[in-house]
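*Asks:* My structure is below; once you've seen it, I'll send some questions.
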Amino acid sequence: MAVDHDLNLIALQAAVAAQISHFILLSAICVQKPVLAFQHAKLKFEFALQAAPLTWTVVRPTAYFKSLSGQLNRLRSGKPFLLFGDGVLTACKPISDNDLGNYLSHCLDDTSCHNQILPIGGPGPAITPRAQGEMLFAALRMAPKFKHVPVRLMSVAAKLLSIFPPLRDKAEMARIGQYYATESMLVWDTDSGRYDASRTPEWGQETLQDHYQQLVAGEKNVDLGEHAVF
């Protein structure tokens, strides 16, 4: 709440005071089904932005390449790629930093983007976690090796950790893990009650497979420390 709402609100108030004409917010597609604390905070600020006396645009990316690269060092060390359940329960259309930056710039001049909530993904079909693992193994030129983790394990961990107040933050991390293990990062179709890849817009040229190949080849430097699994 301190960052996703309060700090953003300070920036918005400063923008209004300075008579800034257009405020573009980088949000996240997961707020369309808010369950977690940070999602509620992001959504609360989205509402504040839409009520402000200026032009606004809310951009909700599906997933970042960096967030899907955290298991590279595991695989390099000979460990299996971790999958929740069968590895095809969820899917996303990840977008690169460069393509996302270009899209945000595009929103400045394209009036059809003004006063709109815009989900955005990268090019190509939706990718499951299992497909991500297969791409990464292919980039490493290694035979695929997977380990399946029960989705229920995250739920049990969250409940156990929440019993102890000093472990509250770890419990929330477990809840976050469970969310991303069970929810796709695609547009949610309320009418059909399912995620719809065909309704998730695409933008840009860079693919996750390209990113993995560049990462393995050393053409990109990405800090993977905070993205061990998710």
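*Asks:* Can you give the helix-only mean residue ellipticity at 222 nm for the chain, where every DSSP H stretch with n ≥ 4 adds -39500 (n - 2.57) and the sum goes over all residues, rounded to the nearest 500 deg cm²/dmol?
*Replies:* Taking each H run of at least 4 residues, the total per residue is -12000 deg cm²/dmol.
*Asks:* Now for a different question. In what order do T55, T200 fall by count of nearby beta-carbon atoms within 10 Å, going from fewest to most?
*Replies:* The most exposed by this proxy come first: T55, T200.
*Asks:* Here's something else I'd like to know. Restricting the count to DSSP beta bridges whose residues both fall in the chain, what percent are antiparallel, rounded to a multiple of 5?
*Replies:* If we restrict to bridges inside the chain, about 20 percent are antiparallel.
*Asks:* Would you kindly enumerate the cysteines in the chain that have no other Cys beta-carbon under 4.7 Å from their beta-carbon?
*Replies:* C30, C92, each lacking another Cys Cβ under 4.7 Å.
*Asks:* In a GNM of the chain with a 10 Å cut-off on Cα contacts, which of P165, P119, P53 has the highest mean-square fluctuation?
*Replies:* Answer for the Gaussian network model of the chain: P165.
*Asks:* Now, a different point. As a quick test, which of the pairs K42/K79; K93/K170; K44/K147; K44/K79 have an alpha carbon distance above 32 angstrom in this structure?
*Replies:* Where the Cα-Cα span goes over 32 Å, the pairs concerned are K42/K79; K44/K147; K44/K79.
*Asks:* Consider the candidate values (i) 1.40; (ii) 1.08; (iii) 1.36; state which one is Cα Rg over 2.2 N^0.38 Å computed from the structure displayed.
*Replies:* Identified label for the calculated read-out: (ii).
*Asks:* Just tell me which aspartates and glutamates come within less than 12 Å, Cα to Cα, of K145; anything on the same chain fewer than 8 places away is out.
*Replies:* E134
*Asks:* Here's a follow-up. Pick from V31, V149, V59 the residue whose mean-square fluctuation is largest in a GNM of the chain, springs joining Cα atoms under 10 Å.
*Replies:* Highest fluctuation of the listed residues: V149.
*Asks:* Relative to the longest principal Cα axis of the chain, at what angle does helix 8-17 sit, 0 to 90 degrees, rounded to 10?
*Replies:* Taking Cα atoms only, the helix is inclined about 30 degrees.
*Asks:* Let me ask something else. Considering the chain as a Gaussian network with a 10 Å cut-off on Cα pairs, which listed residue, D191, D109, D97, attains the greatest mean-square fluctuation?
*Replies:* Top of the fluctuation ranking is D191.
*Asks:* Show me the GluC sites (Glu not before Pro) within the range 99-197 that DSSP assigns to loop and that have at most 11 other Cβ atoms within 10 Å of their Cβ.
*Replies:* When the GluC sites (Glu not before Pro) of the range 99-197 are filtered for loop state and at most 11 Cβ neighbours within 10 Å, nothing remains.
*Asks:* In the neighborhood of V58, defined by Cβ-to-Cβ distances under 14 Å, what is the net charge if each Lys or Arg adds +1 and each Asp or Glu adds -1?
*Replies:* Overall, the nearby charge balance is +1.
*Asks:* Continuing with this model, one more query. Please identify which residues in the range 75-111 have an amide N closer than 20 Å to a label point set 7 Å out from the Cα of D210, following the Cα→Cβ vector.
*Replies:* 92-107
*Asks:* Further question: For the pair H148 and A17, how long in nm is the line joining their label points, each one 7 Å along Cα→Cβ?
*Replies:* Once both label points are built, they end up 5.7 nm from each other.
*Asks:* Work out Dmax and Rg for the range 1-115 from the C-alpha atoms and quote the Rg first, both in angstrom.
*Replies:* 17.4, 55
*Asks:* Which of the trypsin sites (Lys or Arg not before Pro) across the range 126-173 are loop residues per DSSP, with 15 or fewer other Cβ within 10 Å?
*Replies:* Here the trypsin sites (Lys or Arg not before Pro) that fit, given the DSSP loop and packing criteria, are R141, K145.
Just so you know, all these numbers are worked out from the coordinates, no wet-lab data involved. Keep in mind the model is a prediction, meaning the values are calculated, not measured. Glycine also receives a Cβ, built like all others from the backbone with ideal geometry; neighbour counts cover every protein chain displayed.
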